[in-house]
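Here is the structure we will look at, set down as structure tokens.
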Amino acid sequence: MLLPNILLTGTPGVGKTTLGKELASRSGLKYINVGDLAREGQLYDGYDEEYDCPILDEDRVVDELENLMSEGGVIVDYHGCDFFPERWFHIVFVLTADNSILYNRLETRGYNEKKLKDNIQCEIFQILHEEALASYKEEIVHQLPSNKPEDLEDNINQILKWIEQWIKDHSS
């Protein structure tokens with residue numbers, strides 16, 4: 001059976017991982033957190049002192065995921081999306097959060113002041129939504145609010161309905 005590939009993107013702290021893991025659990029699709037994949041495979045190209053984090057080797061990530069993505073049925077979670085091949089995804093969900101909620105989530109993670117400020121600005125200016133629209137067909141890019149537990153449940157149900165419909169539309 002053909003299964004869709006889904007991209008969950010958005011500013012760090014909007015809830016991609018929580019949504020992705022729960023969605024995988026309820027849908028049976030495979031869940032890939034690109035940050036974890038990079039950590040496990042050491043898919044880095046140096047270290048960013050300013051943001052105090054490793055620099056992702058995007059080409060190696062794409063090489064690592066290529067076979068899995070061609071099989072289908074994968075939920076990919078990452079805060080960037082412009083380096084993934086367009087052909088990989090059937091739908092892209094950009095999660096968003098109110099700035100005050102996002103600030104608290106990132107502060108809890110211990111982000112330094114610059115990283116905190118830059119991520120909040122990224123959300124204010126909808127940088128990742130713009131990146132998704134520039135990288136994929138507009139009709140497959142959708143924004144989802146991710147502020148409270150009810151949003152999580154609504155988003156899961158909405159995406160599960162989409163998966164069900166996609167499978168119906170693509171079965172022989």
Please list, ordered by first then second residue, the pairs with beta carbon atoms under 6 Å, 6 or more apart or interchain, first in segment 1-13 and in contact (Cβ under 8 Å) with a residue 24 or more places away in the chain and under 18 Å from Ser70 (Cα atoms), second assigned to a strand (DSSP E or B) and open to solvent by less than 10 Å² (accessible area, probe 1.4 Å). Asn5/Val74; Ile6/Ile75; Ile6/Ile91; Leu7/Val76; Leu7/Val92; Leu8/Asp77; Leu8/Phe93
Could you tell me whether any residue of segment 97-111 is touching a Phe, Trp or Tyr at 6+ places or on another chain (Cβ under 7 Å) and at pLDDT 95 or above? no
Check off (1) of a type outside the set (S, T, N, Q); (2) closer than 30 Å to Pro4 by Cβ; (3) surrounded by fewer than 16 Cβ atoms within 10 Å (Cβ to Cβ) for Leu144 and give me the number that stays unchecked. (3)
Determine whether segment 33-51 contains at least one residue that is part of a loop (DSSP other than H, G, I, E, B), in contact with a helix residue (DSSP H, G or I) (Cβ under 7 Å, 6 or more places away or on another chain), farther than 21 Å from Glu138 by Cα and at pLDDT below 95. yes
For segment 1-32, give me each residue that is assigned to a loop (DSSP other than H, G, I, E, B) and not hydroxyl-bearing (Ser, Thr, Tyr). Met1, Leu2, Leu3, Pro4, Asn5, Gly10, Pro12, Gly13, Val14, Gly15, Gly28, Leu29
Exactly one of (1) surrounded by fewer than 16 Cβ atoms within 10 Å (Cβ to Cβ); (2) over 21 Å from Ile163 (Cα atoms); (3) at pLDDT 95 or above is unmet by Glu58. Its number? (1)
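The values are calculated or read from the model by the stated rules, or taken from the named source; none is laboratory data. The structure displayed is predicted, hence computed values, not measured ones. When we count neighbours, we look across all protein chains shown, and the Cβ atoms used for this are built from the backbone with ideal geometry, even at glycine. Note: areas computed on protein heavy atoms with side chains; ligands, DNA, RNA excluded. Shrake-Rupley method; radii C 1.70, N 1.55, O 1.52, S 1.80 Å.
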